[in-house]
Amino acid sequence: MERLRVGLLFGGRSVEHEVSIASATSVLGALDRDRYDITLIAIAPDGSWHLGSPTRPLEAAMTGEEISLPANPGSHTLVSLAGRDLEAATELDVIFSVIHGRGGEDGSLQGLLELAGIPYVGAGVLGSAIQMDKEVAKRLLAAAGLPITPGTCVRANRLGDGAAVVDALIEELGTSVFVKPANQGSSVGISKVESREDLLPALRDAARYDTKILVERAIDAREIEVALLGNDPIEASIPGEIRTRHAFYDYDAKYVDDATELLIPAPIDDSLANEIRRLAVEAAVALESAGLARVDFLLERDTDQIFINEVNSIPGFTQGSMYPLLWQASGIPYPALLDRLIELALERHRIHTALETRYEPTR
Ligand SMILES: Nc1ncnc2c1ncn2[C@@H]1O[C@H](COP(=O)(O)OP(=O)(O)O)[C@@H](O)[C@H]1O
Ligand SMILES: [Mg+2]
């Protein structure tokens with residue numbers, strides 16, 4: 001059997017650059033070499049693309065041969081910016097990107113891959129963009145009748161009149177709120193606010209990352225996550241729970257603190273688990289998900305009320321990350337999960353390329 005040529009894309013310009021390298025290290029370690037030829041493509045923090053080498057650590061790829069992928073239709077071949085000949089391995093059948101956050105998860109990379117006509121793992125341009133923007137995502141979830149955390153959006157250019165903004169927010173949501181940039185990940189720029197005087201500094205901090213800021217009522221909640229797999233239909237894993245000793249699931253709790261616990265399956269009763277799984281699939285459909293997603297919930301402690309917190313189109317992908325662990329516990333081991341995601345990318349591309357692009361009168 002011909003081996004499929006997979007471009008593994010990692011790094012990126014977002015604050016999640018290092019996280020992406022960790023995800024790529026796991027994916028590279030588990031992709032079946034009998035089935036795939038792997039080309040490593042690193043995006044450096046400045047946005048430049050570099051060819052990696054299988055014999056060097058992934059970080060080192062950031063200084064490798066500078067390359068690009070032309071956006072011309074049918075362009076499946078990486079080219080050297082210095083005009084050098086690159087080996088045959090630079091021809092690609094499918095792209096597996098584990099670039100999180102801005103520039104990787106927000107539809108812009110997906111746009112390039114669409115133009116180039118290369119199949120790629122995960123959501124398309126629209127799904128990626130709306131899942132990245134927590135504010136737009138919440139509007140669509142609400143329109144689909146799905147439960148979201150009560151909150152409101154503040155534009156950064158209104159912060160000049162800070163006192164008025166703070167008054168209005170406290171009037172609407174109370175003093176216990178979460179403040180977050182609309183387009184960000186890994187809890188960067190997010191604050192838990194418990195008092196009036198902390199609100200404006202939190203808004204200003206979030207405004208460093210985005211011009212659009214979400215302020216939400218702080219829910220005293222357990223955090224439950226569900227992994228999704230599929231184009232149509234979409235399958236849901238069993239739910240897992242995250243327990244952290246931090247005030248919330250912040251950057252350190254995610255990547256630094258060993259004491260953060262992932263409980264799989266989440267210790268909740270079956271009917272609640274099934275309801276959460278059902279909502280996860282509905283959320284993915286509402287947000288134009290494809291291939292994979294991780295849907296994160298807040299389960300209010302006192303009431304068991306369920307809120308959808310967010311949907312991630314490129315969730316953390318290390319072998320120790322929630323997304324692969326949930327599938328493993330649901331019967332799909334990590335290497336088989338990678339195979340399935342690549343198949344789904346090819347399936348989606350086949351279906352899309354079969355659609356008419358010109359007006360054909362029907363008889
Ligand atoms: N409204 C909220 N109520 C309670 N906790 C929240 C709320 N919003 C966010 N959090 C906490 O902050 C964390 C990060 O927020 P999230 O919206 O998931 O952003 P990110 O995309 O950075 O993961 C969540 O995992 C949760 O611990
Ligand atoms: Mg989150």
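Derivation of every value follows stated rules applied to the coordinates shown; laboratory data play no part. Note that the structure is a prediction, hence the values are computed from the model and not measured. Positions of Cβ are generated from backbone atoms using ideal geometry, with glycine treated the same way; all protein chains shown enter the neighbour counts.
Ellipsoid fit via the Cα gyration tensor, region 1-66: semi-axes of 21, 12, 10 Å, each the root of five times an eigenvalue, largest first.
The count of lysine pairs in the chain that are at least 8 places apart or cross chains, and whose C-alpha atoms lie under 16 Å apart, stands at 7.
Where a ≥ b ≥ c are the square roots of the eigenvalues of the C-alpha gyration tensor, would you call the chain rounded, which needs a/c under 1.5, or, failing that, prolate if a/b is larger than b/c, or oblate?
Numbers: a/c = 1.66, a/b = 1.51, b/c = 1.10.
Because a/c hits 1.5 or more and a/b exceeds b/c, the chain counts as prolate.
Calculated FRET efficiency, Glu87 to Thr353, Cβ-Cβ distance, R0 = 30 Å: about 0.65 to the nearest 0.05.
Dipole magnitude for region 1-108: about 40 debye, using +1 per Lys or Arg Cβ and -1 per Asp or Glu Cβ, origin at the Cα centre.
Given +1 at the Cβ of Lys and Arg, -1 at the Cβ of Asp and Glu and no other charges, the dipole of the chain around its Cα centre is 560 debye to the nearest 20. Judged by the mean number of other Cβ atoms found within 10 Å, the most tightly packed of the peptides 231-238, 306-313 leads the ranking 306-313, 231-238.
Place a +1 charge on the Cβ of each Lys and Arg in region 32-160 and a -1 charge on the Cβ of each Asp and Glu, then give the dipole magnitude about the Cα centre in debye, rounded to the nearest 20. Each step should come with its number before you reach the end.
Values: 10 positive and 16 negative charges, 171 e Å.
The dipole of region 32-160 has a size of about 820 debye.
Given the C-alpha centroids of region 1-28 and region 111-144, what is the distance between them in whole angstrom? Measuring centre to centre over Cα atoms gives 19 Å. Which residue, Ile21, Thr175, Trp49, has the largest displacement toward the positive end of the dipole of the chain when charges sit on each Cβ (Lys, Arg +1; Asp, Glu -1)? So the residue we want is Trp49.
The helix-only estimate of mean residue ellipticity at 222 nm for the chain, built from DSSP H runs of length n ≥ 4 each weighted as -39500 (n - 2.57), is -9500 deg cm²/dmol after division by the residue total. Taken as Cα centroids, region 237-265 and region 272-290 sit 21 Å apart, rounded to the nearest whole angstrom. Note on region 298-363 and region 172-231: Cα centroid distance 24 Å, given to the nearest whole angstrom.
Report the one residue of Val79, Thr152, Leu40 whose Cα lies farthest in the direction of the positive end of the charge dipole of the chain (charges on C-beta: Lys and Arg +1, Asp and Glu -1; origin at the Cα centre). Going by the charge dipole, the pick is Val79.
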